[in-house]
Amino acid sequence: VVSIIRALISVSDKAGIVDLCTYLHSKNVELLSTGGTAKKLREAGLPCIDVSDYTGSPECLDGRVKTLHPKVHGGLLGVRGNPQHEKDMEANGIGKIDMTILNLYPFEATVAKGAAFEQCIENIDIGGPSMLRSTAK
């Protein structure tokens, strides 16, 4: 069993996220989060670290690039107990991310409601599936 020290939270549907993160915070879990999710957590009085502060890279391209960074994916993909991974992570300032909480952009619902092409394009999630796959691996 892996101890949960740091959690990455990036959700489009924020229902219940404050309650979950309040619990995690009560267990001394460091909350690492993106734009709108970080804002919601802060409004609820929860401390969180912006992914952009954690990575040292600002969100860019209208928010299209937030979590696509080696410090995020390295923290998810690094194998605990693998000496080479541990060495690489330390050398590159990559912290372990023990838990990922995410849901994907509502692409299907956006298309179904007849949204404009541009809005549909913006609801094609890239970072979410990438984090999901890195977490699974």
So which trypsin sites (Lys or Arg not before Pro) in segment 1-99 pass both tests, a DSSP loop state and at most 11 other Cβ atoms within 10 Å of the Cβ? Lys27, Arg80
Per q in 0.11, 0.12, 0.17 1/Å, what log10 I(q)/I(0) does a Debye calculation on the alpha-carbon atoms of segment 60-134 return? -0.39, -0.44, -0.71
Cα-centre dipole for the chain with unit charges at Cβ (Lys and Arg positive, Asp and Glu negative), debye to 20: 280 debye
Which of these, Leu76, Leu46, Leu32, has the largest mean-square fluctuation under a Gaussian network model of the chain (Cα springs below 10 Å)? Leu46
Relative to the longest principal axis of the C-alpha atoms of the chain, give the angle of the C-alpha long axis of helix 17-26, reported between 0 and 90° and rounded to the nearest 10°. 10 degrees
Taking segment 1-108 and dividing mean pair separation by its residue count, relative contact order in percent (alpha carbons under 8 Å, at least six apart): 34 percent
Neighbourhood net charge (9 Å Cβ-Cβ; Lys/Arg +1, Asp/Glu -1) for Gly35: 0
Of Val2, His73, Val29, which is farthest towards the positive pole of the chain's charge dipole, taken about the Cα centre with +1 and -1 on the beta-carbons of Lys, Arg and Asp, Glu respectively? Val2
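Using the Cα centre as the reference, give the magnitude of the dipole from point charges on the C-beta atoms of segment 30-91 (Lys, Arg: +1; Asp, Glu: -1; all else neutral), rounded to the nearest 20 debye. List each step's numbers first, then the result.
Values: 8 positive and 9 negative charges, 34 e Å.
Result for segment 30-91 is approximately 160 debye, rounded to the nearest 20.
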Roughly how much of Ile94 is accessible, in Å² to the nearest 10, using a 1.4 Å probe? 30 Å²
Of Lys14/Lys87; Lys66/Lys137; Lys39/Lys96, pairs whose Cα-Cα distance is over 30 Å: Lys14/Lys87
On average, how much accessible surface per residue is there in the chain, in Å², for a 1.4 Å probe, leaving out ligands, DNA and RNA? 60 Å²
Nearest 0.05, what FRET efficiency do Ala115 and Leu61 give at R0 = 25 Å with Cβ-Cβ as r? 0.80
The chain - percent of accessible surface contributed by carbon and sulfur, probe 1.4 Å: 56 percent
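The values are calculated or read from the model by the stated rules, or taken from the named source; none is laboratory data. The model shown is predicted, which means the values in this text are computed figures rather than measured ones. Methodologically, a virtual Cβ is constructed for each residue, glycine included, from the backbone with ideal geometry; neighbour enumeration extends over all protein chains shown. Note: areas computed on protein heavy atoms with side chains; ligands, DNA, RNA excluded. Shrake-Rupley method; radii C 1.70, N 1.55, O 1.52, S 1.80 Å.
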